[in-house]
Amino acid sequence: MDKELLRVVLVAPRNPLNIGAAARAMSNFGFLTLRLVNPYEVAFREARSAVGAGAVLASAQEYPSVAEAVADCALVVGTTAAQNRNPQQPLHRLEYGARLIRRRLAVQPVALLFGSEKFGLSNDDLAHCHWLMRIPSRPEHGSMNLGQAVAVCLYELVRDPKAARARLTPPKKPTAEVLEALTVILLEVLGESGYIHARVEASTERKIRSLVRRLNLSAHDAEIWLGIFRQIQWRLKQERATGAQPKPGKDPRSWL
């Protein structure tokens, strides 16, 4: 997909803030060619809603008609809520329509049309379209803000389903030796604290050993837990030896 081949065409937009929001969404997703057909307000190029997208507004082109705005495009797609209308063109959901647009953008320019905030695209506007696309909003509230509609459509164009399934590099796992060291010191701490009773010592040891491995710790986290339990063990030994609070000494966490 060549993003430079997409022309986002706003037909008779009425609010400069919405034009700015559309330009911002375009810049967010890397589509930079904005065309406007008879914009209602000439001051749209100063719209404060176009945060970080001033260049998109500055380079936006104005046209007196839809025909002129899409003249260089091999595919013209209109957007509609499809409520109370009986369009003559094929109507696709956004997910499917975006796939078709991506394929065409590999070789030829495509125009994506959005109508005015109040009326959407007129029947005359739709007559220039090869097919139509709709965002699957709920029937009770199908109309969307112009800037939001542009953002949703452009996101679907750049969305890569494969990226959601990509697996991150798994963290390094601790060796069996490290896990056993963690198990041993945890058992010692539990024994010194009175948690383990002699009559169930063997079964408790098995459960703790199994528990440590079920935690599926990373190597880094295993070393941190070793340091924590060494600190606890050191504190318990100091209190048992002195019968009071221990004096500051070498921090066992430095043994990591």
Around PHE29, what is the net charge, scoring Lys/Arg as +1 and Asp/Glu as -1 over all other residues with Cβ under 11 Å from its Cβ? +2
If eta is 1.306 mPa s and T is 10 °C, what Stokes-Einstein diffusion coefficient results for the stretch 3-165, Kirkwood Rh from Cα pairs, in µm²/s? 102 µm²/s
With only helices counted (DSSP H, runs n ≥ 4, each -39500 (n - 2.57)), the per-residue ellipticity at 222 nm for the chain, to the nearest 500, works out to -13500 deg cm²/dmol
Can you compute the FRET efficiency between GLU180 and VAL158 using 1/(1 + (r/R0)^6), with r the Cβ-Cβ distance and R0 = 45 Å? Round to the nearest 0.05. 0.40
Per-residue HN-Hα couplings for the stretch 20-35 [Karplus 6.51, -1.76, 1.60; θ = phi - 60°; Hz; x = Gly/Pro]: x, 5, 5, 5, 5, 4, 4, 5, 3, 9, x, 9, 10, 9, 10, 10
Indicate, rounded to the nearest 5 percent, the antiparallel portion of the DSSP beta bridges found entirely in the chain. 5 percent
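Laboratory data are not the source of any read-out in this text; all were calculated from the coordinates shown. If you're wondering where the values come from, they're calculated on a predicted model, not measured in any experiment. Reconstructed Cβ throughout: ideal geometry from the backbone, glycine too, with neighbour counts over all protein chains shown.
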